[in-house]
Amino acid sequence: MNYRGPLPKIVYYGLVILLLAALVLLFYAERRQSMEYSAYHDKKEAGSSSEITASSEAEDAEEKTTEADPAQEAATDASEDVTASEDTSAAEETTEAAETASAANADKVYESLSAALKEALPGIICIGDEGMAGNEAGSLPDLLAPAVNDSLLGNVKQELSDSSSSQDVNTLDIPLVNMGIAGEDLPAIVTSVKDKEAEGLGSYVPVFFFEGNSGMSAQSLIEAIDDIRSVYKSDQYVLVASTYSGSRWDDALTEAYGDHYILNETHLPDMTEEDFKNITDKVYESLNNQGTFDNVRKAVTDAESDIEKSETP
């Protein structure tokens, strides 16, 4: 038989106690969860604040660095400018010293070459009548001087100039004296030329140019030339004579002087600039074949070697 009467009071009391205990436990559980959440939230906020502070400090440092950069850059630029200026000054001093040394050496080479040239070829003396004097188209001396000096000395003079020599390099030119006397007879020409020996020209190489229509015989010309050559004692000489191939002049002069003799078949009144140039080329070639310029070339080669040595580090 089942009992359906009211529950005993004690049961009611027990249920109430259990319910109250459950509520208390639930309250404390929620409170604990709330406290844990609050602690987590505070910790998170503290971390964010630290990050913000660190970021702010980094930004401040960057700003300070940025503010310092222009001053630092200015100091760096100033230092670099000083260094560059010092380098430039040192380079300029080095260049100036090198140029001074080069100029001093060039002057020494100039002095040595000048002395060597005076020994190698003291000069050339051009002797003759109206043939040597020339006409409005030109003359042999006017063309022979540059032909000799430009071909033999042109390069070395340029090298000395490039090396800053303080000397006038044109003074190295081999002297050429023009003794072409128009309108004088042969004895007067011989006397005038022989008198030049007293001026120290006796070591000059003679170049002769006579017209065949000047009223002299071939034999008188030969005697006059030999008389002059007794003063100008060089074995190197050239004779140009205006006559015709196979004439008595041509035959006599060929026999007397051989390869030293050059035939000119155009007489002075008709000679052009081209005629003078052709005669000049032949005279230069004859002197060259006789070895007149050999010692000049050696002196030039020695000078160029000295210049090259001075330029080698």
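Quick notes
- The set of residues from region 239-278 being among the aliphatic types (A, V, I, L, M) and touching a Leu at 6+ places or on another chain (Cβ under 6 Å) comprises just one member, Ala241.
- Residue check for Tyr261: of a type in the set (Phe, Trp, Tyr), touching a strand residue (DSSP E or B) at 6+ places or on another chain (Cβ under 6 Å), without any contact (Cβ under 8 Å) to a residue 60 or more places away in the chain and within 17 Å of Cys126 (Cα to Cα): yes
Quick grid of which residues meet (1) over 15 Å from Leu152 (Cβ atoms); (2) modelled with pLDDT of 95 or more; (3) touching a helix residue (DSSP H, G or I) at 6+ places or on another chain (Cβ under 8 Å):
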position: His260; (1), (2), (3): yes, yes, yes
position: Leu263; (1), (2), (3): yes, yes, yes
position: His267; (1), (2), (3): yes, no, no
position: Thr280; (1), (2), (3): no, yes, yes
position: Gly291; (1), (2), (3): no, yes, no
position: Arg297; (1), (2), (3): no, yes, yes
position: Glu311; (1), (2), (3): yes, no, yes
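- Filtering region 156-204 to residues that are without any contact (Cβ under 8 Å) to a residue 60 or more places away in the chain, touching a helix residue (DSSP H, G or I) at 6+ places or on another chain (Cβ under 7 Å), aliphatic (A, V, I, L, M) and not in a strand (DSSP E or B) leaves Val169, Ile181, Ala182, Leu186, Val190.
- Those residues of region 216-232 which are out of contact with any strand residue (DSSP E or B) (no Cβ under 6 Å at 6 or more places or on another chain), closer than 21 Å to Leu144 by Cβ and assigned to a loop (DSSP other than H, G, I, E, B), in sequence order: Val231
- Answer from Leu176, Leu201 - the residue that is within 30 Å of Asp107 (Cα to Cα) and modelled with pLDDT of 90 or more: Leu176
- If you go through region 298-313 and keep only what is within 16 Å of Pro122 (Cβ to Cβ) and surrounded by fewer than 20 Cβ atoms within 10 Å (Cβ to Cβ), you end up with just Lys298.
- Unmet requirement for Asn135, which otherwise passes all of (1) farther than 20 Å from Leu186 by Cα; (2) surrounded by fewer than 18 Cβ atoms within 10 Å (Cβ to Cβ): (1)
Quick grid of which residues meet (1) out of contact with any Pro (no Cβ under 7 Å at 6 or more places or on another chain); (2) buried (at least 18 other Cβ atoms within 10 Å of the Cβ):
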{"site": "Leu140", "(1), (2)": "yes, yes"}
{"site": "Ala145", "(1), (2)": "yes, yes"}
{"site": "Val148", "(1), (2)": "yes, yes"}
{"site": "Leu153", "(1), (2)": "yes, yes"}
{"site": "Val156", "(1), (2)": "yes, yes"}
{"site": "Ser161", "(1), (2)": "yes, no"}
{"site": "Ser165", "(1), (2)": "yes, yes"}
{"site": "Leu172", "(1), (2)": "yes, yes"}
{"site": "Leu176", "(1), (2)": "no, yes"}
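This table checks each residue for (1) under 14 Å from Val283 (Cβ atoms); (2) of a type outside the set (Gly, Ala, Ser); (3) touching a strand residue (DSSP E or B) at 6+ places or on another chain (Cβ under 7 Å).
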site	(1), (2), (3)
Ser112	no, no, no
Leu117	no, yes, no
Gly123	no, no, yes
Cys126	yes, yes, yes
Met132	yes, yes, yes
Leu140	yes, yes, yes
Leu143	yes, yes, no
Pro146	yes, yes, no
Val156	no, yes, no
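- Hey, Tyr244 of a type in the set (Ser, Thr, Tyr) and surrounded by 15 or more Cβ atoms within 10 Å (Cβ to Cβ) or not: no
- Sole exception among (1) part of a helix (DSSP H, G or I); (2) free of Cβ contacts under 8 Å to residues at least 60 places away in the same chain; (3) surrounded by 15 or more Cβ atoms within 10 Å (Cβ to Cβ) for Leu117, by number: (2)
- Condition met for Glu211 (surrounded by 19 or more Cβ atoms within 10 Å (Cβ to Cβ), acidic (Asp, Glu), under 30 Å from Thr272 (Cα atoms) and in contact with a His (Cβ under 8 Å, 6 or more places away or on another chain)): yes
- If you go through region 224-237 and keep only what is touching a helix residue (DSSP H, G or I) at 6+ places or on another chain (Cβ under 9 Å) and exposed (fewer than 13 other Cβ atoms within 10 Å of the Cβ), you end up with Asp226, Ser230.
The values are calculated or read from the model by the stated rules, or taken from the named source; none is laboratory data. Everything numeric in this text was worked out from a predicted model, so none of it was measured. Positions of Cβ are backbone-derived with ideal geometry, glycine not excepted, and every protein chain shown enters the neighbour counts.
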